[in-house]
Amino acid sequence: MEVHFGQTAVPAPMQGTVVSVAVTPGDVVRAGAEVAVLEAMKMEHVLAAPCAGIVRSVVVGAGDTLYEGEILVLIEEADVGDTGEVAAAAVDLDRIRPDLAEVLERHAVGLDEARPGAWPAAARPGIAPLGRTWPTSLTTARGSSTGRWPSPSSAPASTSTGSSNSPADGMLAGLGTVNASLFGPQASQAVVMAYDYTVFAGTQGQINHHKKDRMFDIAERSRLPVVFLAEGGGGRPGADWEGSPGFDLSTFHAWPRLSGLVPLVGITTGRCFAGNAAILGVCDVIIATEGSNIGMGGPAMIEGGGLGVFKPEEVGPMDVQVPNGVVDLAVADEAEAVRVAKQYLGYFQGNLGDWEEHDQRQLRHVVPENRLRIYDVRRVIELIADVGTMLELRPAFGLAMVTALVRVEGRPLGIVANNAAHLGGAIDGDAADKAARFLQLCDAFGIPVLMLCDTPGIMVGPEVEKTALVRRASRLFVAAANMSVPMFTLVLRKAYGLGALGMAAGSFRTPLWSVSWPTGEFGGMGLEGFVRLGFRKELEALTDPAEKQAFYETKLAELYDVGKAMNVATHFELDDVIDPAMTRTWIARGMAATANYEFSPSRKRRPFVDTW
């Protein structure tokens, strides 16, 4: 079509079909007025008048197909009284469109505003202090910017269940920041997930599993730690699975794969059974509130197996799961659970610039001068650590060993210590299991380790061998010998036999430094036993009790002089004997010297962290 001087064409910007034409010849139009609608690839494009004027020609009609550049309308430019562009229609900013209204209604259900009776027991209020900001961009996780908790997915639990009864299919999931004020927004990013016990008792539905899998994938690809509130009743049989057991889901493959890659924190504040307990058991650390119950099978499963009828409170109560080592941190309530979770996660988020130390002279007096007197090794750890930074894991399990996360001059440090107040510090199976797993945890996430040695050796006797001690004690050797993080060994008092070697990764040459306090004493076995066994004939030949005791004490003193720290150091089996008040200085310098050791968060340092 020929375009004459003074005329302006409205061409097709793309190939498409005319849906409608809004003008006819002779119409007066203003710039920006709609002249036609063109459809291309199922999308409608409004074509506007490029100038003010009079429509001289309309060359197409509804249904016509055009190629890019073909002309639809010719406009003769003219002063039509108002040459300005068509003003945009006023928008009522308070109007809620129907599509948005549907979303808001569903969110109201998920936020329990439509279920007021469920609010006190819902997952969000108790966990809200974990994070500050919950982004809306992650639509598949249904994040919310409410500032208290990510809002739920709008998907119902199943086609047969109304969404008002099953918001988010009982699974809340989102991204947020934990400890942002300490480490900044980037270092504090985390995945936070929670079963909602008000939705079918926190059981695991099909969409519920899909949401978990989605978040696990995000955690893996983004290398984000996960905090998981696992309270709930396990799998949810019924129509949700449409007759299939659901064994093709990936939840119980994807979740364990995160072990050793990112920190996994599990929290339960009530009943946690079956599949939920399996989720919890994979976590690096389990935090449980008073009154919680944890079991691989709940009452219904137990009864179904013909094993009896039990109340939920009888299955895996805290007086069972704390001393047996299942629970790492027992707390009073949800508020403390959140506080402890944030503290724990902080050790894996970075260093702190502000710190305070105790008067280090106190360390000179913690170990008694009487070599037979016990003392509190936790006091040693507290004094070494920055003020208020000690977090002990599994304190009621493996009592002969203490494992704790601390900071020294703001830097995270793991400490494994023999506890002379239990079995004299002898390493039994529980203590070895506890220490070996803690070493794996520190190694997986790049935290240096300090071993505080005060042990007469590995526990012995017919009864202890019934506990598979040979295998369990060897876990300490295997875990320590294969660590890649910096390790330090400090002898507080006793360092005897294989137990002492276990506290030094098999050799006092293995740690970055091996030093002792002046109270240190060394030997292939306990001095008292060595005298009784090594001088048995001489002792049996003495009939006078006083003479026998004098001989015994003389030989004991001789062995102590040979094995005391100062003498052992002269044979270069130690790097030094130090003033206890200088302990923090040694640790800080050791960590500074190894600050650039190889650690890449983009790959696993260990295949996984042992669940036990």
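Coordinate-derived values only; no laboratory data. Everything numeric here is computed off the predicted structure, so don't read it as measured data. Using ideal geometry, Cβ is built from the backbone for each residue, glycine included, and neighbour counts are taken over all protein chains shown.
The table that follows gives values for the structure above.
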| read-out | value |
| --- | --- |
| Gained length - Ala588 relative to Ala101, 0.36 nm times residue gap less alpha-carbon distance | 169.5 nm |
| Förster radius 60 Å - calculated FRET efficiency between Glu538 and Gln186, Cβ distance, rounded to 0.05 | 0.30 |
| Using distinct alpha-carbon pairs, which all enter the 1/r mean, Kirkwood radius of segment 254-360 in Å | 15.4 |
| Hull volume in cubic angstrom per residue (convex hull over the Cα atoms of segment 345-427) | 84 |
| Leu372 paired with Leu93, simple spin-label distance in nm, labels 7 Å along Cα-to-beta-carbon | 8.3 |
| 5 Å-binned pair-distance histogram of segment 1-102 (Cα, whole percent) | 3, 13, 21, 19, 15, 12, 8, 6, 2, 1, 0 |
| Tilt relative to the chain, helix 206-222 - C-alpha long axis, 0 to 90 degrees, to 10 | 70 |
| With 5 Å bins from 0: P(r) over segment 508-601, alpha-carbon pairs, percent | 2, 12, 16, 15, 12, 11, 9, 7, 6, 4, 2, 2, 1, 0 |
| Helix-only [θ]222 nm of the chain, DSSP H runs n ≥ 4, -39500 (n - 2.57) each, per residue, nearest 500 | -8500 deg cm²/dmol |
| Gain on full stretching of the segment that runs from Ser20 to Met43 - 0.36 nm per residue minus C-alpha separation | 6.9 nm |
| Listed values (i) 35.3, 136; (ii) 30.7, 98; (iii) 31.7, 112, entry calculated as Rg and Dmax of the Cα atoms in Å | (i) |
| Segment 475-612, relative contact order [Cα under 8 Å, separation at least 6], % | 25 |
| Built amide H within the under 5 Å cut-off of Asn324, gap 5+ | none |
| C-alpha long axis of helix 545-563 to longest principal axis of the chain, angle in ° | 50 |
| Derived scalar couplings ³J(HN,Hα) [segment 364-370; Karplus, 6.51 cos²θ - 1.76 cosθ + 1.60; whole Hz; x for Gly, Pro] | 5, 10, 6, 7, x, 5, 6 |
| Degrees separating the helix 98-110 axis from the principal Cα axis of the chain, which is the longest one | 20 |
| Prolate/oblate/rounded label for segment 456-532 (Cα gyration tensor, a/c 1.5) | oblate |
| Neighbourhood charge, 14 Å Cβ-Cβ cut-off, centred on Arg532 and excluding it, Lys, Arg +1 and Asp, Glu -1 | 0 |
| The chain, relative contact order in percent, only Cα pairs under 8 angstrom and at least six apart counted | 8 |
| Cα centroid of segment 401-424 to Cα centroid of segment 525-570, whole Å | 32 |
| Listed peptides 516-524, 465-473 by packing density, highest first (mean Cβ within 10 Å) | 516-524, 465-473 |
| Residues whose placed amide H lies under 5 Å from that of Met171, excluding near-sequence neighbours | Asp196 |
| Peptides ranked, highest mean first, by Cβ atoms within 10 Å: ranges 208-214, 603-609, 449-455, 42-48 | 449-455, 208-214, 603-609, 42-48 |
| Full-extension gain in nm, Asp576 to Ala481, via 0.36 nm per residue minus C-alpha separation | 32.0 nm |
